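The structure under discussion appears below in the form of structure tokens.
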Amino acid sequence: MLPSHTFLPMRILQTALFGVVAYLFFVAPVFAQAAVEPDRWVQIADPGFNAAATENDYATAIHDAVEIGDRLFVSTDYGMFYTTDTVAWTRLDIGDVGRFETTDTQVFVTRTFDRSSSNLPANVLRCSISTGCDSTSEWTEIADDGFGQGDDVVAALDLEVIGDRLFSLWFGTHTDGRDGSIIASCPLAECVEQSDWTTLLTADEFTDRFGPLTSEGSTGSFLKNVDGRLWVGRYRGTSSGVCELSTGCDEGSDYVTAPVRDQNNLTHAPIRYNGKWLFPTSSVGIVMCDDVEDCLNQSEDDVIASVDFGAGESLTGSFFHLAVYEDTLYAAVSAVDGQNNSYVLLYQCSSTCTSDADWEQISENQFGLPNDVDMVGSFYHPWTYVLGVHESFGGLLVGTEPPPGGASLLFAYALDDTYQHRANKIFTSRANSGTAQIKGFSSRGTALSSTDFNAYDGIASGGARMALCDIDQDGEGELVVGASRGGGPHVRVFERDGSRRPISFFAFHPDFRGGIDVGCADTDGDGKDEVIASQFSGGQGWVKVYRYNNTQEVIGTWNAFGSPEVGATVTGCDIDADGTDEICVGAGQGGGPQVRVFEPDGTVKPIQFFAFHPDSRTGVDVAAGDVDGDGKDEIVTSQLRGGQGWVKVYRYSNQRPVLGEWNAFGEPESGANVEVADIDGNGILDVLVGMNDTGSKVKSYTYQGTDLLRTFDAYEVGFTGGALPVAGRY
């Protein structure tokens, strides 16, 4: 078996690799002593995003990235680009696009101006996630320039959704012609046109509130809600702004000056890390405080990273963008040294980040690219954007702004050595009623347009059971589907877009109508999964293991429990770390909650147990995976039908210790289906739970059951036939 959590398809990153990222000497000696990891950098877009439109496309700044369904969207100066799992980027020509902001149903983006228009409007665009957002017609304007200030607004800079309101930051002009910024907001439910917005701070009020600057004025840079405060950053100046959200932040007087360390303004939003406050500043570095008031009052703070990271030569104009993934803090640095050499670098530190010495440089100035990619421009300051962890690319995305005559670049930094354990696509089937509709979702629960089909040609049935298997050793999972109660024991195999594989078969006698459960196991270590089928209900729990080929060779067949009308659920499991899989079987509804493990030929293993109270008759669904990293699969069990959806994770040993136990749904008769996969991309397997009756809710938890990672409804409101989830990396 290739369990769902080990699907490697590295195709997303492999096909995106335009050239092998090789180790090259660092172009500037000032950082030569730092360690770098060029082999972890993968270029995922060439400078023009494969869109040969104009020469300027190859010198466009990359501003932000967001995942919408199964696509990654990237904003740039010359429009928006999106892709799925290849480097075939598609361009939406909607002008200079800036920062994204999302809700569960909507995506918003700022637009500085439209290069195809002489009017150069600044506005905010909105798209409904359900449409896919892959056409210019799906993005509609909800705010244009003005906000009651005529033509003084020339750029929309940033957005932030807070509660039921959308806040926006704009670049404008003062009445005396100096640059300034404007803050406005509108209610999300009514934010459809210009008149719905309220101006909170005009350009003049912005500068009055945060202090006078140079003759150029006061230019805003970001909005961010951090720990109940709305933070406002500035490109220029000696102070930023902050507003307590409890006040509503809907009047100019709600915003106060927020100086940090020697009157430095914030270049990016503060973050919380290991219980501390971290403030990135323009020329001091990264300032850390125990309490936010100490930082703002400059009474107690520490510089945990200086502008030059202790390199021994002063850098100026440094901009820090911070991101946290697991326990690691990442800082992007854009700077110019004393010889006017520009730098685009990334640093990381873990746990103890208190001084320059704790930081490790993890990128070269050229990210390991050939020297003909101009990243070092005289008298030029490139910006670096840490765009955040994006699961579809399995890494930390970093985008750059190009130097004159050079190229903008988009990279993914692999957060582990192998790209394994990055299961981030979820697939569901209707578990017990209705047609056998198969749907796909992102790890966040956003429906994927690429996967939505009926496995049995629209025939109404009792739903379908499903597993994700690699039957052809291509590193990607195929969807193996078996008809549930009421249907014949027909096994079909599909690609994720619904394309049917040519081989299908009846696992048991065609007249059997108790439904079948399906699973996969690599029983011989050849890298190809065999298909497991069991009588799901109404039978004696017979199990068969098939080699998926033209002859459908039967490797093993046996009666798991020997009891009439019990049925069984199945999954592959490597419980002894020998590299070949065993078959884990759970008793179906009506039998005791027994779990047994068999060799592929039907030989029973000595350890068996009751997953729940022996008197329980809910049946047991089973899944397996190495959740604790010891090389051996643990067995995950759930109350299948008629229970409250209790889940238990067992280590397969004589003691059968329980590693996790929790109630997934807390509803009588809800039942639960379980799967194991790495949902949040941290390299540790999680437990995916689908409601088996009363609804179609899907939840994912850490294997201890202590943290709820994701939750969504797989099917329409009112559907009570359950959802069976599986997950794998695509």
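The values are calculated or read from the model by the stated rules, or taken from the named source; none is laboratory data. The structure displayed is predicted, hence computed values, not measured ones. Glycine also receives a Cβ, built like all others from the backbone with ideal geometry; neighbour counts cover every protein chain displayed. All accessible areas refer to the heavy atoms of the entire protein, side chains included, with ligands and DNA or RNA removed. Shrake-Rupley method; radii C 1.70, N 1.55, O 1.52, S 1.80 Å.
Quick look at the values:
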item: Area of PHE494 that stays accessible when all protein chains are in place (1.4 Å probe, Å², to 10); result: 10 Å²
item: Area of THR354 that stays accessible when all protein chains are in place (1.4 Å probe, Å², to 10); result: 80 Å²
item: For SER137, solvent-accessible area (1.4 Å; no DNA, RNA or ligand), Å²; result: 90 Å²
item: Heavy-atom SASA rank of GLU669, GLU634 (probe 1.4 Å, accessible area, largest first); result: GLU669, GLU634
item: Förster-model FRET efficiency, 41 Å R0, THR257 and GLU138, C-beta, rounded to 0.05; result: 0.50
item: Alpha-carbon centroid distance for the pair the stretch 506-525 / the stretch 706-730, whole angstrom; result: 24 Å
item: Within the stretch 574-713: Cβ-based charge dipole about Cα centre, in debye rounded to nearest 20 (Lys, Arg +1; Asp, Glu -1); result: 560 debye
item: Accessible-area order (highest first, 1.4 angstrom probe) of the listed residues PHE665, PHE320; result: PHE665, PHE320
item: Gap separating the Cα centres of the stretch 237-286 and the stretch 579-617, nearest whole Å; result: 57 Å
item: Of LYS439/LYS605; LYS276/LYS425; LYS439/LYS528; LYS439/LYS544, those spanning more than 31 Å from alpha-carbon to alpha-carbon; result: LYS439/LYS605; LYS276/LYS425
item: Extent along principal axes [Cα atoms of the stretch 633-718; Å; largest to smallest]; result: 42, 29, 17
item: nm² value of the averaged projected area, convex hull over the Cα atoms of the stretch 539-680; result: 9.4 nm²
item: Accessible-area ranking of TYR650, TYR78, largest first, probe 1.4 Å; result: TYR78, TYR650
item: Amide hydrogen neighbours beyond the local backbone of GLY462, cut-off 5 Å, H modeled; result: SER484, GLY487
item: Phi-based couplings in Hz for the stretch 587-596 (Karplus 6.51, -1.76, 1.60; Gly and Pro marked x); result: 5, x, 4, x, x, x, x, 8, 10, 10
